[in-house]
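Asks: Sharing a structure, written as structure tokens. Questions coming.
Please treat every number below as a calculation from the coordinates, not as lab data. Computed from a predicted structure; not experimentally measured.
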Amino acid sequence: MRDNPQEWQAGLRFELESLIKARIFKILKGPLLAGITPRLYKIVLRNKMHTDNTIARYKAKVVVRGFKQQYRIDY
């Protein structure tokens, strides 16, 4: 993210807005309600390239760490 931080931030903002719009991701503020377990996630950054090896766009992807979930408890 050191090169072009504004481009990476725009890519991440686009990803988060699309997840929030699809009601997949929600930013929680304040104390958690009973029965709500927040999911851990990580952000994967990748350059999408044109065929001539120039950068087409800066893509950010939010990935949920699902291996921490327990069957019938978390999902």
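Asks: Given the convex hull of the Cα atoms of the chain, what is a quarter of its surface area in nm²?
Replies: On the way: hull surface 28.8 nm².
Reported value for the Cα convex hull: 7.2 nm².
Asks: Lysines near K21 by alpha-carbon distance under 24 Å, same-chain residues fewer than 8 away left out - which ones?
Replies: Here the lysines satisfying the reach criterion relative to K21 are K29, K42, K48, K59, K61.
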